[in-house]
Amino acid sequence: MTDITMIMAVLVAVVLIIVVYFFARFFPIGLWISALASGVKIKISILIGMRFRRIAPGDIVKPLIKATKAGLDININEMEAHLLAGGRLNMVIDALIAAQAANIDLSFESCRAIDLAGRDVLDAVKTSVNPKVIETPTVAAVAKDGIELRAKARVTVRTNLEQLVGGAGEETILARVGEGIVTTIGSSDTHKEVLENPDRISMTVLNKGLSEGTAYKILSIDIADVDVGRNVGAQLQMDQAEADRRIAQAKAEERRAMAVAKEQENIAYVQEMRARVVEAEAEVPRAMAEALRSGKMGVMDYYRLQNVEADTKMRDAIAGTGAPAAGESEIGAGK
């Protein structure tokens, strides 16, 4: 009987522990007491309902206590809706408290919209109170005299809370400032004008209204550094001269190739003509022999021709023009 009593006692204790656990799980008494102690009047049934809506009561009660202590009047249903929508409720409450401390008119609805848009609403409020400096990357531009200048600017901006939803971010500000730098340097007659008056860049950029449509208001643009880069104009002229030289060289090579081809053609033509002359001269002895056989040419005619040839050779020798080394003509060779 004693053993049965002990078993029953253990079972009762286990049941009680389970009941207490589920009671504490679904009935956050400690959180409810903390809320009442902080001056936040919230029903226990609302906390239990949060459990069934898959909301951790602490994620609502703790920001609500913080807002109540700061004197903010926020509806608990709106807080739940923002949390269920994936918002960062604790950051929104911190942003509202910071805005209230800085006398910035900012509603809970505006904060919700900014947070759900993916913006850091707390950082936006801080930047609205304490402007931040954005440094642009080095922007290179060429003045009209062909000298490249490299400029870097520091842009002081303050968050425009009214345009934070749907407004462009820092990338747009940097792109517009870079465009203004390129425009100012490119429109300068000489690079010395920019070096002497770098504030021209600031004035040109500010006059363009670069903050329009962005989430920021530009307070000032300061040129941090201006360096002289390459002589782009001279480099372009050198490149053009090199290109012209290569074109002229190519044309000269083309003309030379044509001249060589023409010369080779002339040599071939001369060789062909010489071959024809040699071929024709080889036919002379045969023709004379045929003329002698057929009686068209007499022996005396042949001797006279030989005398004329000998006389020509003698005149050439006297004149120094040179005679055939063999001392005989092709006609004599055919005898």
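Please verify whether residue 171 is closer than 23 Å to residue 138 by Cβ, of a type in the set (Asp, Glu) and buried (at least 16 other Cβ atoms within 10 Å of the Cβ), treating the condition exactly as stated.
no
Among 121, 125, which is in contact with a helix residue (DSSP H, G or I) (Cβ under 6 Å, 6 or more places away or on another chain), under 15 Å from residue 217 (Cα atoms) and surrounded by 14 or more Cβ atoms within 10 Å (Cβ to Cβ)?
125
Can you tell me which condition residue 66 does not meet? The list is (1) among the basic types (Lys, Arg); (2) closer than 24 Å to residue 176 by Cα; (3) in contact with a helix residue (DSSP H, G or I) (Cβ under 6 Å, 6 or more places away or on another chain), and all the others hold.
So residue 66 meets the others, but not (2).
Can you give me the number of residues within segment 203-227 that are at pLDDT 80 or above, small (Gly, Ala, Ser) and surrounded by 16 or more Cβ atoms within 10 Å (Cβ to Cβ)?
Here the count works out to 1.
So which strands (runs of 3 or more DSSP E) are wholly in segment 105-202 and hold at least 2 residues that are closer than 30 Å to residue 71 by Cβ and without any contact (Cβ under 8 Å) to a residue 24 or more places away in the chain?
In segment 105-202, no matching strands (runs of 3 or more DSSP E) lie anywhere.
Of (1) open to solvent by 100 Å² or more (accessible area, probe 1.4 Å); (2) at pLDDT below 80, residue 62 satisfies all except one. Which?
Here residue 62 meets the rest and fails (2).
Considering only segment 192-202, state which residues are polar (S, T, N, Q) and either touching a helix residue (DSSP H, G or I) at 6+ places or on another chain (Cβ under 8 Å) or surrounded by 16 or more Cβ atoms within 10 Å (Cβ to Cβ) (or both).
202
Mind checking which residues of segment 134-165 are open to solvent by 40 Å² or more (accessible area, probe 1.4 Å) and under 18 Å from residue 180 (Cα atoms)?
135, 137, 138, 140, 142, 144, 150, 152, 154 - these are the residues of segment 134-165 that are open to solvent by 40 Å² or more (accessible area, probe 1.4 Å) and under 18 Å from residue 180 (Cα atoms).
Return the pair list, or none, for Cβ contacts closer than 6 Å from residues in segment 296-320 that are under 23 Å from residue 286 (Cβ atoms) to residues that are open to solvent by less than 100 Å² (accessible area, probe 1.4 Å) and not in a helix (DSSP H, G or I), at least 6 apart or on different chains.
309/329; 313/323
From 276, 246, 255, 230, which residue is open to solvent by 90 Å² or more (accessible area, probe 1.4 Å) and either part of a strand (DSSP E or B) or touching a residue at least 12 places away in the same chain (Cβ under 8 Å) (or both)? Working first, answer last.
Numbers: 276 fails: either part of a strand (DSSP E or B) or touching a residue at least 12 places away in the same chain (Cβ under 8 Å) (or both); 246 fails: either part of a strand (DSSP E or B) or touching a residue at least 12 places away in the same chain (Cβ under 8 Å) (or both); 255 fails: either part of a strand (DSSP E or B) or touching a residue at least 12 places away in the same chain (Cβ under 8 Å) (or both).
Within the list 276, 246, 255, 230, the selection yields 230.
Restricting attention to segment 174-187, report how many residues are open to solvent by less than 40 Å² (accessible area, probe 1.4 Å) and hydroxyl-bearing (Ser, Thr, Tyr).
Applying the first criterion (open to solvent by less than 40 Å² (accessible area, probe 1.4 Å)) to segment 174-187 yields 177-178, 180-181, 184-186.
Applying the additional criterion that residues be hydroxyl-bearing (Ser, Thr, Tyr) yields 184.
Adding up the residues that qualify gives 1.
Considering only residues that are in a helix (DSSP H, G or I) and either within 17 Å of residue 214 (Cα to Cα) or open to solvent by 60 Å² or more (accessible area, probe 1.4 Å) (or both), which ones fall in segment 88-104?
Scanning segment 88-104 gives 90, 100, 101.
Just for segment 32-87: of the residues that are outside any helix (DSSP H, G or I) and of a type in the set (Val, Ile, Thr), which one is nearest to residue 106 (Cα to Cα)?
That would be 74.
Provide a single number: the residues in segment 309-335 that are modelled with pLDDT of 55 or more and open to solvent by less than 90 Å² (accessible area, probe 1.4 Å).
Matching residues across segment 309-335 total 9.
Since residue 73 meets every condition but one in (1) free of Cβ contacts under 8 Å to residues at least 12 places away in the same chain; (2) surrounded by 13 or more Cβ atoms within 10 Å (Cβ to Cβ); (3) within 30 Å of residue 215 (Cα to Cα), which condition does it not meet?
(2)
The values are calculated or read from the model by the stated rules, or taken from the named source; none is laboratory data. Everything numeric in this text was worked out from a predicted model, so none of it was measured. When we count neighbours, we look across all protein chains shown, and the Cβ atoms used for this are built from the backbone with ideal geometry, even at glycine. Just so you know, the surface numbers come from the protein's heavy atoms only, side chains and all, with ligands and any DNA or RNA stripped out. Shrake-Rupley method; radii C 1.70, N 1.55, O 1.52, S 1.80 Å.
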